[in-house]
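Scroll down for the structure; my scribbles are underneath it.
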Amino acid sequence: MASSEEDGTVEEKENNNKKRTKSALATAWLTFYNIAMTAGWLVLAMAMMRFYIQKGTHKGLYRSIARTLKFFQTFALVEVGHCAIGIVRTSVIVTGVQVCSRIFMVWFITNSIRQIQNEESVILFLVVWTVTEITRYSYYTFNLLHHLPYFIKWARYNLFIVLYPLGVIGELMTIYAALPFVRRSGMYSMRLPNKYNVSFDYYYCLIIVMLSYIPLFPQLYFHMLRQRRRVLHGEVIVEKDD
Amino acid sequence: MWHVEILDAKTKDKLCFLDKVEPNATIGEIKSMFHKSRECHLSGKSLKDEDVLQHLPVGTTATFYFRDLGAQISWVTVFLTEYTGPLVIYLMFYFRVPFIYAPKYDFTTSKHWVVHLACMCHSFHYVKRLLETLFVHRFSHGTMPLRNIFKNCTYYWGFAAWMAYYINHPLYTPPIYGEQQIRLALIIFLFCQIGNFSIHIALRNLRPPGSKTRKIPYPTKNPFTWIFLLVSCPNYTYELGSWLGFTVMTQCLPVAFFTLVGFIQMTVWAKGKHRSYLKEFRDYPPLRSPILPFIL
């Protein structure tokens with residue numbers, strides 16, 4: 001009897017230890033991840049600046065940083081995993097949508113439609129993304145280390161006011177510029193007749209994507225504004241709930 | 001006489017204080033004093049209209065929390081609307097109503113007999129659903145939130161249009177394995193339609209008319225219900241089977257997508273139902289899975 005009681009308490013202690021070590025492991029991983037991503041986007045920023053200073057033009061800039069961009073932006077998919085297993089307290093869907101829209105821009109627009117890679121709008125959204133991501137990942141890093149400098153917090157919750165609309169403009173202009181090339185090449189499209197009895201027109205898909213920015217952008221923007229008021233000014237805003 | 005205090009579930013504001021309530025008053029009677037559809041719960045536990053005041057775990061002063069569920073619509077209305085849409089929409093594509101396909105195809109018919117068969121199956125499926133809504137189903141809840149009708153109709157009507165467009169298209173390609181494939185698919189489809197109907201009848205017979213009692217469903221004399229031995233929600237299992245049959249019959253990717261999305265949703269519902277069966281009945285058969293025997 002006594003030994004089984006002992007076993008019981010030992011098991012309990014082990015479970016508590018497991019919980020504590022799991023969250024210590026999670027914290028360690030997240031810290032490493034956020035430092036790595038901050039570093040990655042810093043590298044991108046410096047590569048972009050160096051290219052422009054050396055060459056004096058933005059033509060060819062995308063090609064020079066394409067591989068690094070693809071690596072770090074794609075790696076951000078693990079953030080969806082973080083939300084799914086619960087080590088980050090954000091909605092899986094919100095994170096999923098944000099990461100997917102980035103993946104879409106990188107892989108399905110800029111990477112695959114070479115003719116638009118030298119557009120100015122590409123540089124616009126690349127600059128916006130770089131500044132945003134460096135701010136965001138360093139914010140998370142400092143937060144995890146419990147030493148958050150106020151200027152990082154300020155940057156995270158203020159820069160977006162200008163950067164977010166600029167980024168949207170850059171992305172939309174890029175997709176718009178890509179449209180004629182998509183139509184001409186018929187890429188990613190499937191026509192009837194075929195044995196799957198389905199058709200897909202990438203051209204019209206892109207138009208729908210562009211239109212979807214209209215309802216989505218204001219929602220995300222106002223969500224960020226509400227977050228800003230709560231974090232910076234301690235205001236509690238009761239949201240209309242269902 | 002009892003006192004009943006009613007608070008808003010979200011803001012905790014005092015909405016109402018009733019000081020002369022009969023001990024044998026039901027929750028439904030207390031609710032009717034508000035003239036609005038509201039959900040009533042007792043610090044976390046949701047209550048039913050039939051619950052009687054003196055049988056609740058409260059003293060002679062009870063505190064209830066009311067939550068306004070918003071505009072409601074009856075389940076029957078929602079079902080009828082969401083099922084009539086696909087029926088009508090599919091037929092519009094089948095008869096090649098103008099402005100869908102190129103003008104030279106207006107009001108023509110497909111030269112493939114599987115297209116006619118598919119139309120009959122699809123229409124039969126939704127007519128069956130409409131009749132079941134009117135004459136078979138016994139609903140636990142009278143109403144659901146109004147916004148659901150927009151969500152549900154978009155889903156059903158949207159997918160129906162997407163599928164029907166390709167199946168009835170002048171450039172439709174019939175199944176690669178021809179008659180064999182179509183015949184097998186038709187058998188699966190009909191088998192599962194009968195199965196699905198049998199389950200609906202069996203579930204209806206569990207519940208006497210007008211009541212809201214809950215019992216464990218068991219296999220009956222009808223062989224189609226023997227699947228209850230292995231599955232908690234065989235109606236969903238048969239529904240999946242019907243749509244798999246339809247997918248094979250039409251060999252159409254949009255139909256496969258529709259089947260997949262439906263399967264995911266039904267699995268979520270089946271798991272929920274399975275869990276609530278396990279919670280409510282101590283003696284629930286352990287061999288049963290929510291939707292797929294032994295797998296899911």
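Data for the structure
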quantity: Cα-centre dipole for the protein assembly as shown with unit charges at Cβ (Lys and Arg positive, Asp and Glu negative), debye to 20; calculated: 1080 debye
quantity: Heavy-atom accessible area ranking, 1.4 Å probe, most first, across B:283, B:68, B:106; calculated: B:283, B:68, B:106
quantity: In Å², nearest 10: area of residue B:127 left accessible to a 1.4 Å probe; calculated: 60 Å²
quantity: For region B:158-178, residues shielded by at least 40 square angstrom of accessible area compared with the chain on its own, probe 1.4 Å; calculated: B:166, B:171, B:173
quantity: Percentage relative contact order, chain A, counting C-alpha pairs under 8 Å, at least six apart; calculated: 18 percent
quantity: Calculated over region A:161-219: convex hull of Cα atoms, volume per residue (Å³); calculated: 85 Å³
quantity: Mean accessible surface per residue for region B:201-266, computed with a 1.4 Å probe while every protein chain stays in place, in Å²; calculated: 46 Å²
quantity: Chain A, helix-only ellipticity at 222 nm - DSSP H runs n ≥ 4, -39,500 (n - 2.57), divided by all residues, nearest 500; calculated: -26000 deg cm²/dmol
quantity: The protein assembly as shown: C-alpha pair distances exceeding 35 Å, %; calculated: 59 percent
quantity: Quarter of Cα convex hull surface for chain B, i.e. mean projection, nm²; calculated: 18.9 nm²
quantity: Simple label model, 7 Å out from Cα along Cβ direction - residue B:226 to residue A:191, nm; calculated: 5.3 nm
quantity: Accessible surface, 1.4 Å probe, highest first, among residues B:139, B:228, B:17; calculated: B:17, B:139, B:228
quantity: Sites residue A:98 and residue B:54 - FRET efficiency at Förster radius 51 Å, r taken between beta-carbons, to 0.05; calculated: 0.45
quantity: Cα centroid separation - region B:241-286 against region B:1-24, whole Å; calculated: 42 Å
quantity: Estimated vicinal HN-Hα couplings, Hz - region B:79-85 in sequence order (Karplus 6.51, -1.76, 1.60; Gly, Pro = x); calculated: 4, 4, 5, 5, 8, 5, x
quantity: Dimensions (Å) - region A:84-155, Cα atoms, principal axes, largest first; calculated: 46, 30, 14
quantity: Sites residue B:287 and residue A:39 - FRET efficiency at Förster radius 45 Å, r taken between beta-carbons, to 0.05; calculated: 0.25
quantity: Within the accessible area of chain B (1.4 Å probe), percent carbon and sulfur; calculated: 66 percent
quantity: Relative contact order for chain B, counting Cα pairs under 8 Å that sit 6 or more residues apart, in percent; calculated: 14 percent
quantity: Summed buried accessible area for A+B [probe radius 1.4 Å, Å², rounded to 100]; calculated: 1000 Å²
quantity: Accessible-area value, residue A:49, 1.4 Å probe, nucleic acids and ligands omitted, Å²; calculated: 110 Å²
quantity: Of every Cα-Cα pair in chain A, the percent that sits beyond 28 Å; calculated: 45 percent
quantity: FRET efficiency, 1/(1 + (r/R0)^6) with R0 51 Å, evaluated for residue B:173 and residue A:29 via beta carbons; calculated: 0.55
quantity: Test item: Cα-centred dipole of region B:72-270, Lys/Arg +1 and Asp/Glu -1 on Cβ, debye; calculated: 560 debye
quantity: Contour minus Cα-Cα distance for residue A:227 and residue A:84 (0.36 nm per residue); calculated: 49.3 nm
quantity: Other protein chain Cβ atoms within 10 Å, averaged over every residue that makes up A:197-204; calculated: 4
quantity: Residue-level accessible surface for residue B:275, protein heavy atoms, 1.4 Å, Å²; calculated: 150 Å²
quantity: Spacing of the two label points (7 Å from each Cα toward its C-beta) at residue A:146 and residue B:204, in nm; calculated: 6.5 nm
quantity: Accessible surface, 1.4 Å probe, highest first, among residues B:125, A:223, A:146, B:112; calculated: A:146, A:223, B:112, B:125
quantity: Prolate/oblate/rounded label for region A:19-134 (Cα gyration tensor, a/c 1.5); calculated: prolate
quantity: Protein accessible area in region A:15-233, 1.4 Å probe - carbon and sulfur %; calculated: 67 percent
quantity: Alpha carbon centroid spacing (whole Å) that separates region B:83-120 from region A:21-71; calculated: 53 Å
quantity: Region A:62-109, accessible area per residue, ligands and nucleic acids excluded (1.4 Å, Å²); calculated: 55 Å²
quantity: Over chain B: helical MRE at 222 nm, DSSP H runs n ≥ 4 each giving -39500 (n - 2.57), nearest 500; calculated: -16500 deg cm²/dmol
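The values are calculated or read from the model by the stated rules, or taken from the named source; none is laboratory data. If you're wondering where the values come from, they're calculated on a predicted model, not measured in any experiment. Note that each Cβ is placed from the backbone with ideal geometry, even for glycine, and that neighbours are counted across all protein chains shown. When the accessible area is computed, the model is the full protein with side chains, heavy atoms only, and any ligands, DNA or RNA have been set aside. Shrake-Rupley method; radii C 1.70, N 1.55, O 1.52, S 1.80 Å.
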